[in-house]
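Undergrad: Quick one: this structure, given as structure tokens, is what I'll be asking you about.
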Amino acid sequence: MSGSEQLLKRLPNDIGGLEAPKIEQTDHVLLPWEKRCHALADVLDFHKIINTEEKRRGVESLGAEMVGKLTYYERWIAAFANIAFQKQLITPEELATKMAEVEDRWRAHS
Amino acid sequence: MSAHEDHDHDHGSEHEHAHAPIEAAGMPGYYDIMETAFQELMIEKGYIGAGEIRHQIEVLDSRNPALGAKVVARAWADPEFKLRLLENGRTACEELGITFYDLTELIVLENTPAVHNLIVCTLCSCYPRPVLGLPPDWYKAKPYRARAVYEPRKVLQEFGTVIPDDVEIRVSDSTAIQRYLVLPMRPPGTESYTEERLADLVSRDAMIGVIQIKSPVEGAEA
């Protein structure tokens, strides 16, 4: 048995019942962009553009490596972008262009 | 990097980053820029309104465990309200002016001398946000999500909570549309308390179910 069937049986989010270390009672105040990202998620849900379950599946379909390496809200924004591409709401080119624009704007103002 | 991030690194490669490393004052990080760009595109294309994100940030900022504490205190003080709360958590909270900004259902789980409730979201981080605000990082991280469902007594012990063996522990796993709130037991020695004073005793963790509310009266431990 190769063990690869475990990959089919458990997607990255499906961790209930797995062994895991002691709980560290951590918390942090959200960074400004993290709070914006949370508000964005709610607004996308209100308009049924991307609902909560679509977001969760979007995070899951990032795959185990990205789920493991990206932070909580990094996973959300990455999932939103992918879902918006799939739904043809925006294109990858548009997002890349807009990101360059945001970056240029920041440089111009600093 | 914050102290608790260092902490997280003990968990090895599968640990959950709670948040991005704090950037040195300077260029916003990649994902920060991505969020801004994504939001601006959504607004430019008319999918969402320009003021909506700002408004929702205000809504998020207005939610915290004090709202849940108010609900719990009312349930302790008013048996009729408690019945309505257990029947339909959402409409009972709305009676107290707590609006639900999403379409989630709220199921309130009553702790009794025979049953202790604990809530979790094994798949992600679903949480009764309209009444408690945003969840703490540990609620969203792997150890709690993975373990709460199969060794709740051990998990509770890590929060300093010891539940006697003859008390049943029920763990409820939240979903995108179904959220839970624990109604803790009213501690002894609070018979004369006003609702406001009762609410002061109710903490976030008690409404998640990881702790019990101690009696404020010395020597009157439940």
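Undergrad: Would you mind computing, in nm to one decimal, how far apart the modelled labels at B:I43 and B:Y150 are, each placed 7 Å from Cα along Cα→Cβ?
TA: Taking the simple label geometry, B:I43 and B:Y150 are separated by 4.7 nm.
Undergrad: What is the calculated FRET efficiency for A:S61 to B:E87, with r their C-beta to C-beta distance and R₀ = 51 Å, to the nearest 0.05? All intermediate terms of the calculation are to be shown ahead of the outcome.
TA: Numbers: r = 38 Å, r/R0 = 0.74.
After rounding to 0.05, the efficiency reads 0.85.
Undergrad: Which entries of B:K70/B:K142; A:K87/B:K142; A:K69/B:K142; A:K48/A:K87; A:K55/A:K87; A:K35/A:K55 have Cα-Cα distances beyond 21 Å here? Write out the running numbers ahead of the final one.
TA: Numbers: B:K70/B:K142 30 Å; A:K87/B:K142 30 Å; A:K69/B:K142 13 Å; A:K48/A:K87 12 Å; A:K55/A:K87 13 Å; A:K35/A:K55 16 Å.
Distance filter (> 21 Å) returns B:K70/B:K142; A:K87/B:K142.
Undergrad: Fully extended, how many nm does the chain gain between B:S215 and B:E158 (0.36 nm per residue separation, minus their Cα-Cα distance)?
TA: Gain on extension, B:S215 to B:E158, equals 18.5 nm.
Undergrad: Moving on. Using R₀ = 22 Å, calculate the FRET efficiency as 1/(1 + (r/R₀)^6) where r is the Cβ-Cβ separation of A:K69 and A:A100; round to 0.05.
TA: Rounded to the nearest 0.05, the efficiency is 0.35.
Undergrad: Measure nothing but the geometry: give the 0 to 90° angle between the long axis through the Cα atoms of B:52-61 and the longest principal axis through the Cα atoms of chain B, rounded to 10°.
TA: Taking the Cα atoms of chain B, the angle to B:52-61 is about 30 degrees.
Undergrad: Also: Can you give me the convex hull volume of the Cα atoms of the protein assembly as shown, divided per residue and expressed in Å³?
TA: Value for the protein assembly as shown: 164 Å³ per residue.
Undergrad: Oh, and also: Tell me the label-point distance for the pair A:E5, B:A114, using the 7 Å Cα-to-Cβ offset, in nm and rounded to one decimal.
TA: 4.2 nm
Undergrad: Using only helices, what value at 222 nm comes out for chain A when you add -39,500 (n - 2.57) per DSSP H run of length 4 or more and divide by the total residues, to the nearest 500 deg cm²/dmol? Walk me through the intermediate numbers first.
TA: Numbers: 6 runs with 67 residues, N = 110.
The helix contribution divided over chain A gives -18500 deg cm²/dmol.
Undergrad: Order these by the 10 Å Cβ neighbour count, fewest first: B:S125, B:S62.
TA: B:S62, B:S125
Undergrad: Between B:S203 and B:A77, what is the label-point separation in nm under the 7 Å Cα-to-beta-carbon projection?
TA: With each label point 7 Å from Cα toward Cβ, the separation is 2.3 nm.
Undergrad: Give me the number: length gained by fully extending B:H55 to B:T99, i.e. 0.36 nm times residue separation minus the C-alpha to C-alpha distance, one decimal in nm. Numbers along the way, then the final one.
TA: Numbers: separation 44, 0.36 × 44 = 15.84 nm, distance 1.44 nm.
The span from B:H55 to B:T99 would gain 14.4 nm if fully extended.
Undergrad: Average partner chain C-beta neighbours within 10 Å, per residue of B:204-216?
TA: Counting other chains' Cβ atoms within 10 Å and averaging over B:204-216 gives 0.
Readers should treat all values here as calculations from the given coordinates under stated rules, not as data from a laboratory. Note that the coordinates shown come from a computational prediction; the quantities given were computed from them, not determined experimentally. Here the Cβ is made from the backbone with ideal geometry for all residues, glycine too, and neighbour counts use every protein chain on show.
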